[in-house]
Structure formats: structure tokens, C-alpha cells
Amino acid sequence: MGHFFHAVGVFFHHLAAVKWEFLGLALACHVIRLLFRGWAWRAIILAAYPGKRLKFRTAFGAYVAGVGVNSIVPARGGDIIKLYLVRHRLEGARYATLTPTLIVETLFDSVVAGCVLIWALASGVLPAHRVYSRLPSVDWRILLRHEQLTLIVLIILTVAGLGAAVWARYEWNGFRERVGRGFAILRDRRRLFWQVIVPQAISWVLRIGSLLFFLKAFGVPATLHNALLALVVDSLATLFPATPGGAGTKQGLTEYLFRGRGVSHTLLLAFSVGMNIALVVTNLVLGLIAIGLMAKTLSFKKMRLASRADQSAA
């Protein structure tokens, strides 16, 4: 995070050199991309609840609300907001069914992101041996050095496992049916292709277009190769969402991946942190507007209590 705040200082130093027209085009591509993402998620939900009506503005509002919260909360906490907002506007919706729709919504993304990472590894942009050398190793001897804590954890896990087994004995069939409905669109290939994969593919094109405009806005050579490098940075930061919006992580990855590209260190920092701030602010503003209009409150505590009340009533 210290590296990130240093990058923020560099960004404000280069603020006068920003080409605002390209920055506006980049953010416009980003917002249009979110429209396609919301459309695809709505199709997945409607496949899980055939015969039900879900307005596009509801699905889009819930989606951008989740994106906005994810931009400031690590570990994808905004996904809970997405589910909460849709749950309250779709009659008969259950969290057990809505949650798998988020998994389906990321399947195509996982394939595309995987291809981008494979390209980065194959082209030498992201050397495999450097990636493997940075993977954390597990020291299992810590379990022996803390015998009492290990025993307590094992007892808790055993009790939880027994409780889950008893619950599954009586509730498994109904739960499995509700969860399975969330994957319903995977059984309709034509609908999956036209209503999910095609909009998401368009969203990826818009994402690359947005990155090209961001590169132009901050004076970095706007080539397809550089846009793909920035895409690799986003993909890796998404895989390890340790900080809000990938702050710090993206700046370090950008410097590493753009090495030898003839771009100065300060310009790379200005580009990385400038793009990060612009996207976070845009996502946060859209998200807060959506939450305020749909939930009638900006208090996450109130929404959490209301969600618990709904679950108790159900």
C-alpha cells in the first residue's frame, strides 16, 4: 500500500499531462461494458426462474452496485449486495439459487482470462519460473507446534461436519434442486451462446478498447500488445483480490510487465494509478446511486439486518 500511495503522488504530478478526451472515452467504454455484463447476468437469472419477470434496470442496478462495493472492499464483498438487491425484486428468489448464477456469470471470463495468461506465459512476458517461485509454501509443522489450537480446530471441524451431515440427511434434495436451478442456462446452449457468451464477448472487446483509451490518456503507447499487458495485470489482480480495487498490486505488476517497453517508471505509475482511481471513482458513484435508488439506504448494516430478517422469515 505504501507503493500505491507513492504512485498516487506521481499521478497528481502528471495530472496536467492527462488527455481528458481519451479518459472520457475510456470510462464510456467501461460503463457500456457494464451494461452488457448486466444483460448477461439477467439472462442467467431468468433461466433459473422461467416465467418470472426481472427488469433490466434491476439486474443492471444490482450488478453495478456490486461492482461499486467490490472496488473498495476486498475479497469480492460486493457480490453479497448483488444477491440482496435481486432477491428483493424477484418474487420467489432464493439465495441458494441466485448464488450459482454468479458462478455461471464468470465461466466465460475464466476461459478468456486463462487464455490471456497463457499468452503472457508463452510469450515470455510473464516467465513461468518467476510465477512458480512466488507461490507460497505451507509449513505443516506449525500444526505440531500448536497442539492445543490444532485440537480445538479439529473438534470444531468435526462438529461442523457432523452437523452438515445431519442437515444433508433431511434437506439435501431440496437444497440441491435450488442450487441446480442456478445453472439452468448451461443446459440451453443456444440461449447460453446468444444471451450470455455474445454479450460477455462484446464486454471483453469494450474492456480492451477502454484500456487502449486509458493508455492514450496517460501518454503510454496505445498498442494492442500494451493493452493485453494491462489486461494481464487486471486478471492477476482479480485472481488475488487482497486489496480494494487491486491497489498496490496493480502498480507493482504494471511496472514488472511493462519492463523493457521504453516507458518511463513515473509514466507507468501515473497510468496505473490514474486508471485505477478513475475506475474506482466511476464504479463507486454508479454503485452508490444504484444502492440508494434500490435499497433506499446507503447503510450496509441495515441491509445486512434486513437480509437476515428475510432468511429467518423464509
Problem - Karplus-derived HN-Hα couplings along region 108-120 (A = 6.51, B = -1.76, C = 1.60, θ = phi - 60°), whole Hz, x at Gly and Pro - result: 5, 4, 4, 5, 5, 4, x, 5, 5, 5, 4, 4, 5
Fill in the blank from the handout: Expressed as a percent, the accessible surface of region 50-93 that is carbon or sulfur, using a 1.4 Å probe and the full set of protein chains, is 55 percent
Exercise for the section: Distance check, please: which entries in Lys52/Lys296; Lys55/Lys82; Lys52/Lys82; Lys82/Lys250; Lys19/Lys82 exceed 22 angstrom between their Cα atoms? Expected result: Lys52/Lys296; Lys82/Lys250; Lys19/Lys82
Problem - FRET E, pair Leu121, Ala201, Förster distance 30 Å, beta-carbon r, rounded to 0.05 - result: 0.85
Exercise for the section: Give the Kirkwood hydrodynamic radius (Å, one decimal) of region 149-232, defined as one over the mean of 1/r across all pairs of different Cα atoms. Expected result: 17.7 Å
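The values are calculated or read from the model by the stated rules, or taken from the named source; none is laboratory data. Here the structure is a predicted model, which means the values were calculated and not measured. Please note: Cβ atoms are built from the backbone with ideal geometry, for glycine as well, and neighbour counts cover all protein chains shown. Surface accessibility is based on the protein's heavy atoms, side chains included, excluding ligands, DNA and RNA. Shrake-Rupley method; radii C 1.70, N 1.55, O 1.52, S 1.80 Å.
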